[in-house]
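Please read the structure below before turning to the comments.
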Amino acid sequence: MKVRFWGVRGSIPCPGPETVKYGGNTACIELILDNGLNFIIDAGSGIRELGNYILKKGEIQKNNIKIFLTHTHWDHIMGFPFFAPMYISDARIKIFGPCASEKDSLEGIVEGQWTYNYFPVLHKDLAAKVEYIELKEGEYDIGNGLILKTKFLLHPITCLGYRFEYHSSSFCTVYDTEPFQKKEELVDFIKGADLLVHDAQYTEYEYKNSKAGWGHSYMEYAIEVAEMGKVKRLAFFHHDPERTDSQLDALSKKYISPSVTCFFAREKEVIPLS
């Protein structure tokens, strides 16, 4: 099992000369199993390049595209209309995720992007067969030996953390979220993970002085829970769109741990899991 990052930013894409190293696309992660199956976490602007990559490799096969949305905020779904497999008749796409509220369905929110108010193509005219599956907190057998565990996070709308377990490897995503008052709840969810991708949009100073309540975490907290959970590697994720490459380089020298390998996620970076 390995992970490839296609988008690592939060809030809004930020392309330009100052974000080339780490990347300017919003959240999109590819999970690749050793049996060749691929899974996608979030459909931010990074999913556009991933879709083109899938087509270039000729990997459009029935039932092989499964997308797991953490939540439906704009920066996590904005890439959908530009995800090329949606326009291929051979594609079978399953979209998993939480519903934002009791009155809004997952399908209704995502489908709403394909209206003439926002886009020149309607959802009903998509060539691919698209299915929506709503998730709650719990455990799911995805098939092919992959187990998914989900946890509600602390965000202004319903948001899920994901834990993928495959054979002896485990991979966790914990974003978008603010710090848990009872850290033990989160620590139990991430315990022993080979890789934890954690919300780290802010420093502790930034969070406590002006960003509390905005739905995101700080780097010091990410390190603390990773150490408590004895995870092997921690990827700081959901970088602030105002953060430049040079600033992230400087932060990478400051935010380290004696027991957990820490790094700032970069687009196209591939992380093999044991």
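Every read-out reported here was derived from the displayed coordinates using simple, explicitly stated rules and does not represent laboratory data. Nothing here was measured: the structure is a model prediction, and the numbers come from that model. Virtual Cβ from ideal backbone geometry, glycine too; neighbours counted across all protein chains shown.
Under the simplified labelling scheme, the residue 103-residue 131 pair shows an inter-label distance of 3.1 nm, with each label point 7 Å from Cα along Cα→Cβ.
In the structure displayed, which of 57/103; 129/149; 66/254 lie more than 32 Å apart, Cα to Cα?
Exceeds cut-off: 57/103; 66/254.
Taking the empirical scaling 2.2 N^0.38 Å for compact globular proteins as reference, the range 1-94 has a Cα radius of gyration ratio of 1.05. Were the residues from residue 247 through residue 212 laid out at 0.36 nm apart, the gain over their Cα-Cα distance would be 10.4 nm.
By the count of other C-beta atoms within 10 Å, a proxy for reagent exposure, 137, 30 are ordered fewest to most as 137, 30.
Once the piece of chain linking residue 191 and residue 74 is laid out straight, how much longer is it, given 0.36 nm per residue of separation minus the C-alpha distance between them?
Length gained between residue 191 and residue 74: 39.1 nm.
This ranking places 123, 216 by how few other beta-carbon atoms lie within 10 Å of each, fewest first, which gives 123, 216. In a Gaussian network model over the chain where Cα atoms closer than 10 Å are linked, find which of 248, 234, 195 has the largest mean-square fluctuation. Answer for the Gaussian network model of the chain: 248.
Among 37, 31, 153, the order by Cβ neighbours within 10 angstrom, fewest to most, reads 37, 31, 153. Pairs spanning more than 23 Å between alpha-carbon atoms, out of 94/191; 2/253; 21/211; 230/253: 94/191; 2/253; 21/211. Against the chain, whose longest principal axis is taken from its Cα atoms, helix 219-228 shows a tilt of about 80°.
Legend: translational diffusion of the chain by Stokes-Einstein, Rh = Kirkwood radius over C-alpha pairs, 10 °C, 1.306 mPa s; D = 85 µm²/s.
GNM on the chain, alpha-carbon springs under 10 angstrom: the most fluctuating residue among 67, 54, 190 is 54.
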